[in-house]
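The values are calculated or read from the model by the stated rules, or taken from the named source; none is laboratory data. Since the structure is predicted, the reported quantities are computational estimates derived from the model, not experimental observations. Cβ placement follows ideal geometry from the backbone for every residue including glycine, while neighbour counts extend to all protein chains displayed. With ligands, DNA and RNA removed, areas are computed over all heavy atoms of the protein, side chains included. Shrake-Rupley method; radii C 1.70, N 1.55, O 1.52, S 1.80 Å.
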Amino acid sequence: MIINAVMPNHLNAERSSYLKQHANQAVEWMTWSQAALEKAQLEQKPILISIGYSACHWCQTMSRENFEDSYIASLMNRHFVCILVDREERPDLDQVYMEAVRMFDQSAGWPLHVFCLPSGEPFWGGTFFPKEDSGQGIAPWPQVLIRISEHYRNHRDELVENSSNVIKNLIHANHTDSTSLDSWSPQLLIEATNNLCALHDDEFGGFTKSPKFPPSMKIDFLLAISESQYARKNKRFSTKVISCVKRTLDSMAKGGIFDHVEGGFFRYSIDSNWSFPHFEKMLLENSLLVSTYSRAYRKFKNPLYRKVVQKSIHWILTEMGDETTGFASSVYSESEEQEGKYYLWTQEELNKILGNLEAGRMMEQLEPINGVGKPQFLPRLNQDEQWNEFMEKNVLSQLQAFRCKRHAPTIDHKRVASLNALVIKALIDSAIALQEKSLLEKACTMADWMKKTYYNQDLIHSILYPQGGDDFKKTEPVLDDFAYWAESLLQLASYSEIVRVQSSKQFVKDAESIVEQCSRFFNDEQKAGYFFSASNSKSPPPVRKKFWYDHASPSGNSSLLRVFSLLHQHTKKEKWKTEYLQAQAGYSNIVKKDPEGIAHALTSISETTIGIPTLFVSESSLPEAFQKLGDTPHRPILLDLSENEDAFILELGDTRYEMNSITEAFETLFA
């Protein structure tokens with residue numbers, strides 16, 4: 001079928017760059033809305049939902065191969081009501097349908113494609129589908145469309161039953177069979193650590209087979225548990241934990257998953273030793289990894305970790321935005337429709353830039369990436385420190401100067417509230433590790449910007465689309481927007497006195513206000529946990545979900561564990577201690593079954609179990625306290641001003657100890 005004229009579909013007025021990319025396709029795309037559901041009901045068509053994001057290579061590939069094909073577009077229009085979703089705009093839809101697709105025994109990733117009843121209830125789905133049979137056992141997209149439409153016409157009852165079972169299972173997974181408040185035992189943390197370490201790849205690092213994603217939350221947990229008295233007294237346990245941390249962080253820092261030229265990590269590696277990445281760069285992963293490497297540097301003082309932190313935070317601050325306007329969500333994997341073109345080098349290019357001798361030396365150490373055209377090379381380090389020094393001094397700066405002349409990948413400039421909150425945490429952690437107060441000042445400035453941009457008394461905006469002087473705000477917040485933001489403010493309140501005296505109490509007050517709103521819109525008053533989507537959502541997903549497990553980002557429920565713990569420590573209000581204990585009880589059974597999936601929660605529980613102290617010091621002693629933080633392993637320590645210039649008071653739980661000096665206080669904490 002030939003379509004002679006392509007009219008703009010329903011996406012033309014959207015602000016999302018991902019949706020706008022599809023606005024002039026022949027597919028009659030709609031957004032997730034009541035209008036789309038009513039159209040499906042009226043026409044009695046199944047719904048086809050495609051979920052992706054701008055930086056995703058396979059999302060772009062599927063769009064070019066399938067959605068821009070006039071025949072395929074006609075199939076989609078004839079048989080389905082087609083809905084396109086930017087997963088960064090609607091993570092609630094993304095996570096609900098992602099969990100549903102996993103129930104169909106399908107791989108789950110992006111692009112995500114879900115076939116639904118006219119009500120939006122899913123009955124089947126998958127991820128990437130090629131236009132034609134590629135010999136890899138994946139059905140071609142046109143064939144999938146025809147089979148699904150025929151099955152819907154001829155066996156609709158089966159699909160209705162299937163979708164009903166899916167919805168029941170989605171609802172059932174909300175409830176964790178939480179136990180009594182006193183059922184949690186510190187021994188569960190030790191068992192979880194042993195189980196996690198047993199999954200570790202001792203050769204290359206990481207905790208899964210390829211493809212490998214940076215396990216920042218798992219490493220954070222291991223770093224936290226390594227500061228426990230149990231770890232200090234059990235050398236075998238401690239040695240194994242530290243071995244896992246170092247192997248994984250070293251491998252990622254030296255591998256191709258890290259951009260050695262300009263800094264920042266790519267989203268994941270397709271091989272087991274972190275050499276060959278997919279090339280999208282995400283604000284999410286990089287913010288988490290800056291915090292992880294900052295904490296690791298404080299413990300091990302490995303200059304490699306310091307370099308990773310320096311390069312990554314510099315990349316965030318120079319390429320993704322700044323603290324006065326917020327930070328963009330991602331960088332496309334493609335430039336000029338080729339994945340990785342901006343980052344890869346041919347032999348001829350390396351010879352031209354470095355000279356034949358140095359280029360030859362470099363290529364001897366690198367395994368080429370073979371794709372379409374000539375073999376290409378991606379800079380990385382290895383176990384030879386002389387080689388690594390050669391790369392740092394002789395190669396990377398020259399490649400950077402040349403790369404600046406290339407056509408850079410497009411940046412998705414949407415400012416997502418939850419992601420920007422993670423940047424605040426990254427700024428705080430890197431400020432302490434690098435001993436750069438300017439980064440802590442940026443964190444304070446950014447907290448001010450977020451309050452002005454996203455917050456008012458009645459609602460929280462989830463996304464800002466910068467449009468010059470006419471910024472557009474989108475309001476469909478999810479739990480993560482509230483939880484991450486409150487968590488970042490409470491972490492900032494712990495250290496903000498160092499650069500902004502008398503600021504801590506306001507940051508705590510702002511965090512408490514956000515949590516009160518969070519409780520109003522997301523709390524389940526009958527059972528443990530908070531829902532991911534708000535009770536007042538204007539266009540809710542087909543089922544309200546609670547998410548207990550971490551995925552690429554920490555689960556909102558696990559983030560709230562730290563929020564409640566820190567709120568209790570800051571305010572001394574018993575209600576926050578009760579909230580913490582109730583939230584902890586929600587994880588008491590999960591930790592026995594799947595500890596590797598709840599690492600962020602385990603980090604929070606570990607830190608609270610070890611104890612979160614408050615150190616009261618004079619204003620004149622704050623610089624010394626800042627230095628001591630950088631000299632010691634990461635442990636949440638709340639810094640506050642003492643009323644007496646000469647007093648140093650260490651508060652642990654309900655007990656206060658008078659210290660003779662800051663040095664004595666830190667020696668007591670890390671004895």
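Contact map, segment 330-346: residues that are open to solvent by less than 50 Å² (accessible area, probe 1.4 Å) paired with residues that are of a type in the set (Val, Ile, Thr), Cβ distance under 6 Å, separation 6+ or inter-chain. Pairs shown: 331/411; 332/410.
For segment 415-430, indicate whether the set of residues that are out of contact with any Ser or Thr (no Cβ under 6 Å at 6 or more places or on another chain), in contact (Cβ under 8 Å) with a residue 12 or more places away in the chain and of a type in the set (Ser, Thr, Tyr) is non-empty. Among the residues of segment 415-430, at least one is out of contact with any Ser or Thr (no Cβ under 6 Å at 6 or more places or on another chain), in contact (Cβ under 8 Å) with a residue 12 or more places away in the chain and of a type in the set (Ser, Thr, Tyr), which makes the answer yes.
Taking strands (runs of 3 or more DSSP E) as the structural unit, those lying wholly within segment 77-173 and holding at least 1 residues that are of a type in the set (A, V, I, L, M, F, W, C) and closer than 26 Å to residue 477 by Cβ correspond to 81-86, 112-116.
Of all residues assigned to segment 550-562, at least one qualifies as being in contact (Cβ under 8 Å) with a residue 60 or more places away in the chain, over 16 Å from residue 588 (Cα atoms) and open to solvent by 30 Å² or more (accessible area, probe 1.4 Å). If only residues of segment 292-321 that are polar (S, T, N, Q) and open to solvent by less than 10 Å² (accessible area, probe 1.4 Å) are counted, the one that is nearest to residue 408 (Cα to Cα) is 312.
It is to be established whether one or more residues within segment 193-209 are touching a residue at least 40 places away in the same chain (Cβ under 8 Å), among the polar types (S, T, N, Q) and touching a Phe, Trp or Tyr at 6+ places or on another chain (Cβ under 6 Å). Among the residues of segment 193-209, not one is touching a residue at least 40 places away in the same chain (Cβ under 8 Å), among the polar types (S, T, N, Q) and touching a Phe, Trp or Tyr at 6+ places or on another chain (Cβ under 6 Å), which makes the answer no.
Among residues that are within 21 Å of residue 127 (Cα to Cα), small (Gly, Ala, Ser) and more than 28 Å from the chain's Cα centre (by Cα), residue 35 is not included. Find the residue count for segment 193-208, including only residues that are of a type in the set (A, V, I, L, M), within 22 Å of residue 552 (Cβ to Cβ) and more than 22 Å from the chain's Cα centre (by Cα). Qualifying residue count for the region: 0. Remark: pairs (first residue in segment 298-310, over 19 Å from residue 438 (Cβ atoms) and modelled with pLDDT of 95 or more; second residue in a helix (DSSP H, G or I) and open to solvent by 60 Å² or more (accessible area, probe 1.4 Å); Cβ separation under 9 Å; 6+ apart in sequence or on different chains) = 300/246; 302/246. Taking (1) under 18 Å from residue 121 (Cα atoms); (2) touching a Phe, Trp or Tyr at 6+ places or on another chain (Cβ under 6 Å) in turn, residue 43 satisfies each apart from (2). Counting only residues that are open to solvent by less than 20 Å² (accessible area, probe 1.4 Å) and in a loop (DSSP other than H, G, I, E, B), how many does segment 530-546 have? Summing the residues that are open to solvent by less than 20 Å² (accessible area, probe 1.4 Å) and in a loop (DSSP other than H, G, I, E, B) in segment 530-546 gives 6.
Would you mind stating whether residue 270 is open to solvent by less than 40 Å² (accessible area, probe 1.4 Å) and of a type in the set (A, V, I, L, M)? Answer is no for this residue.
For (1) modelled with pLDDT of 95 or more; (2) within 15 Å of residue 592 (Cα to Cα); (3) not charged (D, E, K, R), each residue gets a yes or a no:
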site: 174; (1), (2), (3): no, no, yes
site: 177; (1), (2), (3): no, yes, no
site: 184; (1), (2), (3): no, yes, yes
site: 200; (1), (2), (3): yes, no, yes
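Taken residue by residue, segment 152-167 has at least one member that is open to solvent by 60 Å² or more (accessible area, probe 1.4 Å) and within 24 Å of residue 551 (Cβ to Cβ). With respect to being open to solvent by 40 Å² or more (accessible area, probe 1.4 Å) and over 24 Å from residue 16 (Cα atoms), residue 527 fits the description.
Within segment 643-671, the set of residues being out of contact with any strand residue (DSSP E or B) (no Cβ under 9 Å at 6 or more places or on another chain) and hydroxyl-bearing (Ser, Thr, Tyr) comprises 655, 663. Looking only at residues in segment 22-36 that are touching a Ser or Thr at 6+ places or on another chain (Cβ under 7 Å) and under 11 Å from residue 67 (Cβ atoms), the one that is most open to solvent (accessible area, probe 1.4 Å) is 26. Does residue 276 satisfy being at pLDDT below 95 and more than 19 Å from the chain's Cα centre (by Cα)? For residue 276, the condition - at pLDDT below 95 and more than 19 Å from the chain's Cα centre (by Cα) - is met.
Residue 533: closer than 25 Å to residue 31 by Cβ, within 23 Å of the chain's Cα centre (by Cα) and in contact (Cβ under 8 Å) with a residue 40 or more places away in the chain, yes or no? Yes; evaluated as a whole, the condition is true for this residue.
In this structure, is residue 119 polar (S, T, N, Q), closer than 30 Å to residue 535 by Cβ and either modelled with pLDDT of 95 or more or surrounded by fewer than 16 Cβ atoms within 10 Å (Cβ to Cβ) (or both)? Yes: the conditions hold for residue 119. The single residue among 90, 102, 78 that is within 25 Å of the chain's Cα centre (by Cα) and farther than 17 Å from residue 127 by Cα turns out to be 90. Cβ-Cβ contacts under 6 Å between residues 6 or more apart (or on different chains), taken from a first residue in segment 495-516 that is assigned to a helix (DSSP H, G or I) to a second residue that is of a type in the set (Ser, Thr, Tyr) and open to solvent by 40 Å² or more (accessible area, probe 1.4 Å), are absent.
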